[in-house]
Amino acid sequence: MSTGITEALLQKTATFSLEETLSFLALTYKDKVIFSTSFGQEDQVITDIIAVHHLPISLFTLDTGRLFQETYDVFHKTVTKYNLNIKTYFPETKAVEELVNSKGPNSFYESVDNRKECCFIRKVAPLTKALQGNTIWITGLRSEQSDNRNDLALFEYDAKFDIIKFNPLLRWTLNEVEDYLEKNNVPQNSLHKKGFVSIGCAPCTRAITPDEDIRAGRWWWESSHKECGLHQK
């Protein structure tokens, strides 16, 4: 793959709506288009569009083993409402056992390296497995979520996973996301009403105040780029 493909896709879909672009990708790369959802607000928008328009796009999620119960609740509500099959990928049992047995259950609080090690085992490694054999990876990334995401493009080649990433909500605002969800009665994580904007693993996520950055509630104890490795270049 090369950046030439991403440029061609940008040109081809320049006048398409979001639904038209997803449909075009699903038909052009048959059985090679996959969407990763963590059941956050952005992901729920995309899930609703895929389900309502009956688009032949595979959905999957990563279960790290440390998720909030509220995340499982919205997972259940989503598959029930839309009658969807969302495949779940788990971390390798041996890797988790070795990590916890050698460093304890909360080693991620001790250093950035330890936290990234936990993220790799619980998220990055399962994601690598989930993306294998696919051509297009659809995400719910938005540019205003963090400074790291300001320079993202709608289509971009992700060399780390050797796949083309499509970020359909890149230029959407949080208000636009929330308006869509309310208007279309889309299931949402109840934690969003309690100050949780970006929701990950329970030990690594807290609510934020109105004056804080969207990602401030993720790994709040460290001053890193607030990425786990899934979307970090």
- Message: Within region 86-98, does at least one residue satisfy the condition of being without any contact (Cβ under 8 Å) to a residue 60 or more places away in the chain, open to solvent by less than 20 Å² (accessible area, probe 1.4 Å), of a type in the set (Gly, Ala, Ser) and farther than 25 Å from Phe35 by Cα?
- Response: no
- If you take the residues of region 163-194 that are over 24 Å from His76 (Cα atoms) and over 17 Å from the mean Cα position of the chain (by Cα), which of them is surrounded by the most Cβ atoms within 10 Å (Cβ to Cβ)? Glu176
- Query: Has region 7-25 got any residue that is open to solvent by 40 Å² or more (accessible area, probe 1.4 Å), closer than 19 Å to Thr88 by Cα and without any contact (Cβ under 8 Å) to a residue 40 or more places away in the chain?
  - Reply: no
- Note on the structure: Restricting attention to region 23-42, the residues that are in contact with a Phe, Trp or Tyr (Cβ under 8 Å, 6 or more places away or on another chain) and part of a helix (DSSP H, G or I) number exactly 3
- Item | Glu42 vs. criteria of a type in the set (Asp, Glu) and crowded, with 21+ Cβ neighbours inside 10 Å | yes
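Rundown of residues vs (1) within 27 Å of Arg215 (Cα to Cα); (2) not β-branched (Val, Ile, Thr), yes/no style:
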residue: Phe16; (1), (2): no, yes
residue: Glu20; (1), (2): no, yes
residue: Ile49; (1), (2): yes, no
residue: His54; (1), (2): no, yes
residue: Gly65; (1), (2): yes, yes
residue: Lys81; (1), (2): no, yes
- Query: Is there any pair linking a residue in region 59-70 that is more than 16 Å from Thr47 (Cβ to Cβ) to one that is assigned to a strand (DSSP E or B), with Cβ under 6 Å and at least six apart or on different chains, and which?
  - Reply: Asp63/Thr88; Thr64/Cys201; Arg66/Cys201
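The values are calculated or read from the model by the stated rules, or taken from the named source; none is laboratory data. Since the structure is predicted, the reported quantities are computational estimates derived from the model, not experimental observations. Positions of Cβ are backbone-derived with ideal geometry, glycine not excepted, and every protein chain shown enters the neighbour counts. Keep in mind that these areas ignore ligands, DNA and RNA; they rest on the heavy atoms of the full protein, side chains included. Shrake-Rupley method; radii C 1.70, N 1.55, O 1.52, S 1.80 Å.
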